[in-house]
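Peer 1: Once you've had a glance at the structure underneath, I'll fire off some questions.
No value in this document is a laboratory result; all are computed from the given coordinates. For clarity, every value in this text was computed on a predicted model and none was experimentally measured. Neighbour counts are summed over all protein chains in view; Cβ atoms, including those assigned to glycine, are modelled from backbone coordinates with ideal geometry.
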Amino acid sequence: MVGLPARGKTFIAQKVGRYLQWVGVNTRVFNVGEYRREQCGAHQLHNFFDPENPEGKRKRQEAASAAMDDLLHWITNEEGTAVAIYDATNSTQERRRWILERCRTYQARAQLQVMFIESVCEDEEVVMENIRAVKLQSPDYAGVDPEAAARDFRERIRHYESSYEPVQERDLTYIRLVNVRSQVVVNLIRGYLQSRVVYYLMNLHVSRRCIFFSRHGESMFNVEGKIGGDSLLSPRGEQYANALPQLIKDNLGSENLTVWTSTMRRTIQTASKLPYPKLQWKALDELNAGEKYPEDYANRDDDKFNYRYRGGESYRDVVLRLEPVMMELERQHNILIIGHQAILRCIYAYFMNLPRDELPYIRVPLHTVIRLAPKAYGCEETRFRVNIEAVDTHRPKPQAG
Amino acid sequence: MAAQLYKTESGRLFHAGAIAIITVGLPARGKTHTARSLLRYLRWLGVSTQVFHLGDYRRQVVGEKVSWDFFHPDNQATMALRKTILECALADLLAFFHTGGQVGIFDAANTTDERRKQLQERLEHEHVQVQSICDKEDIINANIRSVKISSPDYLGWNEEKALEDFKHRIENHMPFYQTINDPALSYVKMFNAGEHMVFNNINGYLQTRIVYYMMNLHISPRVIYFARNGESLNEQMDRADADLSPAGHRYAEHLKDFLLQRRAERQEETGESPRRLQVWTSPRRRSFNSACHFEFPVQVRQRAQLIEINPGDCDGMTKDEIRAKYPDEWANYQQDSYRYRFPRAESYHDLAVRVEPVILELEREKDDVLFIAHLSVLRLLYAYLMGIQEKDVLSINIPRDTLIEIIPSAYRYKETRMIIPGVKRE
């Protein structure tokens, strides 16, 4: 990452990390600020960041080195494709050369590609908003008067500004995002993964919004204990569909909303009473269980994420087909998804950054609306249970042994 | 996701309005390559798209034989003619938008602020300017040789003479060339075939999509091959995921031998530097086992997006059985075979949405790629590469004994069909 403080670097790093992890690339973020806090304690005032302060400079360099050591150690020991995100200001050419040099000379792993992501924000208001929303909550300012903290943080930014050199080295691979992608510059982007990251970043926005999701109301098949099929709602499922509009209205107010459903009848029927624009997505259809073979259930518990029903799909396949939906979800504002158990598990795992082995066991009960509000480090979750009975379709992870 | 989600009342897709794309750049900077690629991609997505190439209008008005000084901006004698040509092209572009067209690409040099201002005033639509910039002599020369000299303008010319004449044309533009620099405009600048790019004020789904596509383009030579899966033990039922039959196994061997031999021969003929080969299959047994004879350094990748079209409740049924069991569904299917979805099945259109990420990855790939896949998937990929219209996709014929070789170029891709020796004809 590259950029002055309070330019949304950590937000971007976390989002990219979560996205890559979700599509199956091992990813870890190394935040130099955390190393600094651990080594020198929080509560450092702005003079610590003054380039003229030799003591501060040395300590900050130590934190940067320690984070880089851990990063290189981690990525070398990962199998297959792995991405490490080095989250710090990296705001001078000298620092960026140092990063390249460290990555180049770390022998153990032959090919380590380095890509810089710079976030530039020229709008003072947006920067102030970011300081208030994120920085003042950080451990650095725990217990400090907010006004004083904001003043101190702005001084900290000034120290970086004096030596700041935007990324423009023509021999580096980089993407520059200027004022929340009103201008994007890319240079020497190589390979599919890098180009995916660029596309992902071009779709991100930082406006406040909510994502609601709910499974369809209880279906006839749920009652009968069957999976697959395209059945209609049970009478209790219909009651749920009738109750949904009021629940959404109570928690959304008069804001705009778009409803996404699958092409299956139980989700369309569940959404039918909602007074908002609706879209159907084939990609939101339930996991295809294919042909039933008796050995399936037993085998599936060994590795539920990768287990592909014969002639059907695995959770891994579902993640792949959902990827374009997630990209579109990033672009949108308030969205309500009426979906299916396996599909919502994948979407939930994306926003809550849950690992793949836990994903197939996430609890997404019937007749419950989940609301996620994205924040800098993750999402704030609220669950609204509707008081209409439904069967429980959750199968817990079997205990080892 | 890419193929359209939903049509709006205007018939335009993605809830995006009409977009005029104006190319900017000196001759031989790859403008036409970009314009043609975009045309192919957007049409495949179902977006009504048209390229308006100023050179074609010029040829219509004054014919092929023009000397380089025709294009000189100070040439008073040709000024009126050049204005007429521009007006013809603009009139067609505007007519295209008025009849429901969504993306109109105006392919010309448009190298001055004045010209671009003129265009903006005439086009009341959203517009994106795409500027190709290139300062690498070798890329420019390769472009002149591969695209310009084969154009109708130089029919029957000596190659070196043509090259020289064309360079004069470029020099004519040089003194008047102004780069785009108004931050209020929506524009893309591509330097040296995508090495460095600037996107300014790119908004909305379709614009972002277009830009992402352009980012994945490259101009290095390469070849794409298509082959069907070998025969399986259960050809009727998709869900059975049956393994190859003995004949299927023999096919897999013949396919490998023939393809490797073909590549060796081509390599000798063209003298191009050798490229690696990748084989992309679906994760179905009949697909990836058809690639099992390829050995290192050929890389075989299984990709879930390439799985056969989902037949839904009709799996295992013959056409007659479907017609008998679902007469209404069958009738609807006859109306719109591309978009119609049988119960719990995928339509071709659904499949196109699923396959689209592979297309972007294919564009970016510099190795040669062999697809061994199911008929439905191959038809869609073929339709994309060869610019086949939606209504004709289901008629694309890809026999099981045929290897298709496709070589990309700026205009129409070159296709060669070859019978794989030793494979029994259907």
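Peer 1: Looking at the calculated P(r) for the stretch B:230-272, what percent of the C-alpha pair distances fall above 14 Å?
Peer 2: Values: 541 of 903 pairs.
Roughly 60 percent, once rounded to a whole number.
Peer 1: In the neighborhood of residue B:72, defined by Cβ-to-Cβ distances under 12 Å, what is the net charge if each Lys or Arg adds +1 and each Asp or Glu adds -1? Provide the component values of the computation, followed by the final result.
Peer 2: On the way: positive: B:82, B:169; negative: B:69, B:74, B:171.
Charge balance in the 12 Å sphere: -1.
Peer 1: Where the convex hull is taken over the Cα atoms of the stretch B:17-150, what is its projected area averaged over directions, in nm²? Each step should come with its number before you reach the end.
Peer 2: On the way: hull surface 34.7 nm².
For the stretch B:17-150, the mean projected area of the Cα convex hull comes to 8.7 nm².
Peer 1: Also, I was wondering about something else. Go through B:193, B:162, B:180 and say which Cα lies farthest out towards the positive end of the charge dipole of the stretch B:19-214; charges sit on Cβ, +1 for Lys and Arg, -1 for Asp and Glu.
Peer 2: B:193
Peer 1: Using the number of other C-beta atoms within 10 angstrom as an exposure proxy, rank B:226, B:191, B:199 with the fewest first.
Peer 2: Numbers: B:226 23, B:191 18, B:199 27.
Ranked by crowding around the Cβ, least crowded first: B:191, B:226, B:199.
Peer 1: Quick one: order B:173, A:340 by neighbouring beta-carbon count within 10 Å, fewest to most.
Peer 2: Values: B:173 17, A:340 21.
With the fewest neighbours first, B:173, A:340 line up as B:173, A:340.
Peer 1: Hey, any idea what Rg/Rh is for chain B, computing Rh the Kirkwood way over Cα pairs? List each step's numbers first, then the result.
Peer 2: Working: Rg = 24.0 Å, Rh = 23.8 Å.
Result for chain B is an Rg/Rh of 1.01.
Peer 1: Of the residues B:291, B:242, B:91, which exhibits the maximal mean-square fluctuation in a Gaussian network model of chain B defined by a 10 Å Cα contact cut-off?
Peer 2: Looking only at B:291, B:242, B:91, the largest GNM fluctuation is found for B:91.
Peer 1: Can you tell me the relative contact order of the stretch B:170-328? Whole percent, Cα pairs under 8 Å, sequence separation 6 or more.
Peer 2: Details: 151 pairs, mean separation 27.3, N = 159.
Relative contact order here is 17 percent.
Peer 1: Moving on to the next point. Charges at C-beta only: +1 for Lys and Arg, -1 for Asp and Glu. How large is the resulting dipole of the stretch A:211-385 about its Cα centre, in Debye rounded to 20? Write down the numbers at each step before the final one.
Peer 2: Values: 24 positive and 23 negative charges, 87 e Å.
Magnitude of the dipole: close to 420 debye.
Peer 1: Could you check the simple spin-label distance between residue A:357 and residue B:87, using points 7 Å along Cα→Cβ, in nm with one decimal?
Peer 2: A separation of 7.5 nm, rounded to one decimal place.
Peer 1: Please work out the Kirkwood hydrodynamic radius for the stretch A:9-201, using every pair of different C-alpha atoms, and report it in angstroms with one decimal place. All intermediate terms of the calculation are to be shown ahead of the outcome.
Peer 2: Details: mean 1/r = 0.0559 Å⁻¹.
Taking the inverse mean of 1/r over all distinct Cα pairs, the stretch A:9-201 comes out at 17.9 Å.
Peer 1: Please list the helices of chain B that count as membrane-span-like by this rule: a mean Kyte-Doolittle hydropathy of at least -1.0 together with Cα atoms stretching 15 Å or more along the helix axis, each helix being a complete DSSP H run. Walk me through the numbers before you get to the answer.
Peer 2: Numbers: long enough: B:31-45 (21 Å, -0.53); B:76-98 (33 Å, 0.83); B:159-173 (22 Å, -1.79); B:205-216 (17 Å, 0.02); B:246-270 (36 Å, -1.49); B:348-364 (24 Å, 0.07); B:375-386 (16 Å, 1.58).
The answer, listed by residue number, is B:31-45, B:76-98, B:205-216, B:348-364, B:375-386.
Peer 1: Moving to a separate point now. Take A:105, A:89 and order them by how many other Cβ atoms sit within 10 Å, fewest up front. Before the final figure, lay out each step's value.
Peer 2: Values: A:105 8, A:89 22.
Ranked by crowding around the Cβ, least crowded first: A:105, A:89.
Peer 1: Residue A:135: which lysines have alpha carbons under 18 Å from its alpha carbon, excluding same-chain residues fewer than 8 sequence positions away?
Peer 2: A:9, A:15, A:375
Peer 1: Another one. So if the hydrodynamic radius of the stretch A:317-368 is defined as the Kirkwood radius over C-alpha pairs, what does Stokes-Einstein give as its diffusion coefficient at 10 °C and 1.306 mPa s, in µm² per second? Walk me through the numbers before you get to the answer.
Peer 2: Values: Rh = 11.7 Å.
D = 136 µm²/s.
Peer 1: Mean projection of the alpha-carbon convex hull of the stretch B:166-227 over all orientations, in nm²? Don't skip to the answer; put the middle values down first.
Peer 2: Details: hull surface 29.0 nm².
Projected over every direction and averaged, the Cα hull of the stretch B:166-227 covers 7.2 nm².
Peer 1: Okay, next question. If you wrap the stretch B:300-426's Cα atoms in a convex hull and average its projection over all directions, what's the area in nm²? Working shown, then result.
Peer 2: Values: hull surface 36.9 nm².
About 9.2 nm², averaged over all directions.
Peer 1: Using +1 at the Cβ of each Lys and Arg and -1 at the Cβ of each Asp and Glu in the protein assembly as shown, identify which of B:311, A:248, A:306 lies farthest towards the dipole's positive end.
Peer 2: About the Cα centre, the residue reaching furthest to the positive side is B:311.
Peer 1: Moving on to the next point. Can you compute the FRET efficiency between residue B:60 and residue A:74 using 1/(1 + (r/R0)^6), with r the Cβ-Cβ distance and R0 = 56 Å? Round to the nearest 0.05.
Peer 2: Details: r = 63 Å, r/R0 = 1.12.
So, using R0 = 56 Å, E works out to roughly 0.35.
Peer 1: List the relative contact order of the stretch A:9-201 as a percent without decimals, with contacts defined as Cα pairs under 8 Å and 6+ residues apart. Intermediate results must be reported in sequence, preceding the final value.
Peer 2: Numbers: 205 pairs, mean separation 47.7, N = 193.
About 25 percent, as a whole number.
Peer 1: Stokes-Einstein D for chain A at 10 °C, 1.306 mPa s, Kirkwood Rh over Cα pairs, in µm²/s?
Peer 2: On the way: Rh = 23.5 Å.
It comes out at roughly 68 µm²/s.
Peer 1: Ok, one more. How big is the dipole moment of the stretch A:9-201 about its Cα centre under a simple scheme where the beta carbon of each Lys and Arg is +1, that of each Asp and Glu is -1, and everything else is neutral? Debye, nearest 20, please. Spell out each step's value before the answer.
Peer 2: Working: 27 positive and 28 negative charges, 127 e Å.
Using Cβ point charges on Lys, Arg, Asp and Glu, the stretch A:9-201 gives about 620 debye.
Peer 1: With chain A treated as a Gaussian network of Cα nodes joined by springs under 10 Å, which of A:371, A:190, A:28 yields the largest mean-square fluctuation?
Peer 2: The residue with the greatest mean-square fluctuation here is A:190.
Peer 1: Let me check against my output: what whole-number percent is the relative contact order of the stretch B:19-214, with C-alpha pairs under 8 Å and at least 6 apart?
Peer 2: On the way: 259 pairs, mean separation 64.1, N = 196.
Relative contact order of the stretch B:19-214: 33 percent.
Peer 1: Along the charge dipole of the protein assembly as shown, pointing to its positive end and built from +1/-1 on Cβ of Lys, Arg, Asp and Glu, which listed residue (B:224, A:284, B:214) has its Cα farthest out?
Peer 2: Looking along the dipole axis, the top candidate is A:284.
Peer 1: Per the helix-only calculation at 222 nm, which mean residue ellipticity applies to chain B, given -39500 (n - 2.57) for every DSSP H run of n ≥ 4 and division by its residues, nearest 500 deg cm²/dmol? List each step's numbers first, then the result.
Peer 2: Details: 13 runs with 165 residues, N = 426.
Using -39500 (n - 2.57) per qualifying helix, the result is -12000 deg cm²/dmol.
Peer 1: May I pose another question? Would you compute, for the Cα atoms of the protein assembly as shown, the largest minus smallest coordinate along each principal axis and list the three values in descending order, in whole Å?
Peer 2: 82, 82, 55
Peer 1: What percentages, rounded to whole numbers, describe P(r) for the stretch A:301-401 computed over all alpha carbon pairs with 5 Å bin width beginning at zero?
Peer 2: The calculated distribution, bin by bin, is 2, 10, 20, 24, 20, 14, 8, 2, 0, 0.
Peer 1: I would also like to ask the following. Connecting C-alpha atoms closer than 10 Å in a GNM of chain A, tell me which of A:187, A:53, A:90 has the biggest fluctuation.
Peer 2: A:53
Peer 1: Which of the lysines could a cross-linker span from residue B:414 if the Cα-Cα distance has to be under 30 Å and same-chain partners fewer than 8 positions apart are dropped?
Peer 2: Here the lysines satisfying the reach criterion relative to residue B:414 are B:31, B:65, B:136, B:148, B:161, B:167, B:189, B:256, B:366, B:391, B:424.
Peer 1: With +1 on each Lys and Arg Cβ and -1 on each Asp and Glu Cβ, how big is the dipole of the protein assembly as shown about its Cα centre, in debye rounded to the nearest 20? Can you show the working numbers first?
Peer 2: Details: 112 positive and 111 negative charges, 109 e Å.
The calculation lands at about 520 debye.
Peer 1: Using the alpha-carbon atoms, what tilt in degrees (0 to 90, nearest 10) does helix A:54-77 show relative to the longest principal axis of chain A?
Peer 2: The angle comes out near 40 degrees.
Peer 1: Of all the Cα-Cα pairs you can form in the stretch A:211-385, what percent are over 21 Å apart? Let's see the in-between values first.
Peer 2: Details: 7250 of 15225 pairs.
Pairs farther apart than 21 Å: 48 percent.
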